[in-house]
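Since the structure comes first, as structure tokens, the remarks are kept for the end.
The values are calculated or read from the model by the stated rules, or taken from the named source; none is laboratory data. Remember, predicted model here, so these are calculated numbers, not experimental data. Note: ideal-geometry Cβ built from the backbone for every residue, glycine included; neighbour counts use all protein chains shown.
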Amino acid sequence: MGKGNCKLIIHGGAGRLEGKVATKEQYRIGLQEAIHPAYETLLEQGSRAAVLHAIRLLENDPIFNAGTGSKLQKDGRVRMSAGLMDSMDGIFSGVINIYDVEHPISVADSLRAEVHHLLSGNEATEYARRKGFPFHDPITMSRFIEYRKALRNREKFGTVGAVALDDEGIICAGTSTGGIGNETPGRVSDSASVAGTFADSVGGVSCTGKGEHIINQAVAAQVIYRLRDGVPLKKILTELSKEGASRNHEFGLISLDQTGRFGVRSTKASISVLYALKDSHHQLDFTNGGRNLIL
């Protein structure tokens with residue numbers, strides 16, 4: 001493969017279901033400010049570095065529900081989750097309900113080299129401190145106000161994610177989230193699981209939406225295993241979204257396969273995945289590429 005085959009797609013959650021902290025244009029700008037430098041990283045350093053770069057930038061942007069700007073749980077605290085996987089070694093690593101760190105995705109990345117690849121809660125945070133990740137308060141005023149208003153619709157959710165294919169054919173997928181907001185402390189989302197984040201040599205997927213629905217449908221894993229069986233990505237995503245809609249599930253996803261074909265899909269018209277993609281031929285986002293995309 002060559003540099004012209006490099007592909008990067010990122011997402012910033014599920015559109016209007018994210019809460020009222022930013023406009024459509026602000027989301028578009030935020031995604032563009034992340035995808036351009038991350039694409040350069042993809043060309044220079046490969047897929048894993050690009051996914052990490054993109055997600056860290058999105059975690060830094062307070063309009064997205066990950067890292068700084070994460071939603072508050074029922075007890076007024078922020079607990080975050082993140083997962084990361086690539087096709088080079090097939091190791092999934094992640095953190096669940098980690099707190100007071102700036103980049104949950106970086107802690108998830110660090111766990112790749114450990115004996116145990118998935119840590120949660122206090123132990124995840126203690127591990128981060130031992131590894132030199134400093135204290136960081138992710139609560140923003142917008143999210144605090146949102147929490148204080150105790151929104152009637154508590155099924156709001158949000159995530160950021162990225163999937164990349166580099167010139168060596170290595171695929172990487174990563175996801176980071178602040179949860180659905182106002183949830184019961186201890187809830188486990190899909191992001192730090194292979195239901196929400198999965199990559200191997202045939203493709204990569206990052207999901208956004210209601211974690212319980214994503215887990216129940218094993219979304220990311222289902223996409224990858226069907227790709228392994230030789231089913232075209234378009235057919236997989238069409239059938240998956242129809243199944244989700246029939247079960248009243250609420251989720252969306254970004255994906256790519258080993259040939260570089262991209263896919264964006266959701267189960268409902270109300271779930272418009274906030275995505276951006278870039279390769280040597282295309283530069284699209286949710287404002288000009290359509291709600292559902294196969295490229």
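See the values below:
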| item | result |
| --- | --- |
| Test: residue in segment 223-237 that is among the acidic types (Asp, Glu), within 21 Å of residue 84 (Cβ to Cβ) and modelled with pLDDT of 95 or more | no |
| Any hit, segment 208-218, residues being in contact with a Cys (Cβ under 8 Å, 6 or more places away or on another chain), assigned to a loop (DSSP other than H, G, I, E, B) and touching a residue at least 40 places away in the same chain (Cβ under 8 Å) | no |
| The listed residue being farther than 15 Å from residue 104 by Cβ and modelled with pLDDT of 95 or more, out of 22, 14, 54, 50 | 50 |
| Residue match in segment 111-118 (condition: basic (Lys, Arg), modelled with pLDDT of 95 or more and either at positive phi or surrounded by fewer than 19 Cβ atoms within 10 Å (Cβ to Cβ) (or both)) | yes |
| Number of the exception - residue 70 against (1) within 23 Å of residue 93 (Cβ to Cβ); (2) under 15 Å from the mean Cα position of the chain (by Cα); (3) modelled with pLDDT of 95 or more; (4) buried (at least 22 other Cβ atoms within 10 Å of the Cβ) | (3) |
| Count of segment 206-264 residues which are among the β-branched types (Val, Ile, Thr), closer than 23 Å to residue 42 by Cβ and crowded, with 21+ Cβ neighbours inside 10 Å | 5 |
| Among residues of segment 44-62, those that are surrounded by fewer than 21 Cβ atoms within 10 Å (Cβ to Cβ) and touching a residue at least 60 places away in the same chain (Cβ under 8 Å), counted | 2 |
